[in-house]
Amino acid sequence: MTAPEGRRSLVVKATHAADDPERANLACNVASVAVASGLDVHLFLAVEGVRLAVPGVAEGIAVPEAPPLVDLLSAVYAAGTVTVCTPCATRRGIGPGDLRDGTAMGGSAGFVELATRPGATALVY
């Protein structure tokens, strides 16, 4: 997927650990704000971040005084793309049937391809 002519692209990679919900929230917050700003947004979930694409998981993650993670993810799913790292998901026993509708699976090469496109900015959390 390429950004429409003249539209900038933001690629956000969430690589948080299971005990770091604040970093997960931050990555999803940045992605959702970018969607609201009209950017072409790609959220790439890796390491423990892949669990965020499993229905019901984000609802159980709360960060005090931060927007609900499930709302942030919903904004990205509505107007951006969400991809989980296939090897990361597989190592955690997560397959395509476990993921929220609209979630793609891909490897690091997909992240690199998106992040190195002209007009793209990449952030890793």
Need the failing condition index for A62 against (1) touching a Pro at 6+ places or on another chain (Cβ under 9 Å); (2) free of Cβ contacts under 8 Å to residues at least 40 places away in the same chain; (3) surrounded by fewer than 15 Cβ atoms within 10 Å (Cβ to Cβ), just the number.
(2)
Tell me which strands (runs of 3 or more DSSP E) are completely within the stretch 22-125 and hold 3 or more residues being out of contact with any His (no Cβ under 9 Å at 6 or more places or on another chain) and not acidic (D, E), or say none if there are none.
40-45, 103-106, 120-124
Considering only residues of the stretch 13-22 that are out of contact with any Phe, Trp or Tyr (no Cβ under 7 Å at 6 or more places or on another chain) and not acidic (D, E), which is most open to solvent (accessible area, probe 1.4 Å)?
A18
Across the stretch 75-99, what is the total count of residues that are closer than 20 Å to D40 by Cα and of a type in the set (K, R)?
0
Exactly one condition in (1) of a type in the set (G, A, S); (2) open to solvent by less than 30 Å² (accessible area, probe 1.4 Å); (3) on the phi > 0 side of the Ramachandran plot is false for G119; which is it?
(2)
Which members of the stretch 13-51 meet the condition of being more than 18 Å from P68 (Cα to Cα) and β-branched (V, I, T)?
T15, V41, V47
Count - residues of the stretch 26-41 that are in contact (Cβ under 8 Å) with a residue 24 or more places away in the chain and open to solvent by 10 Å² or more (accessible area, probe 1.4 Å)
9
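The values are calculated or read from the model by the stated rules, or taken from the named source; none is laboratory data. These numbers come from a predicted model, not from an experiment. Don't worry about glycine lacking a Cβ; one is built from the backbone with ideal geometry, like all the others, and counts go over all protein chains shown. To get the accessible areas, we keep the full protein, side chains included, count just its heavy atoms, and leave off ligands, DNA and RNA. Shrake-Rupley method; radii C 1.70, N 1.55, O 1.52, S 1.80 Å.
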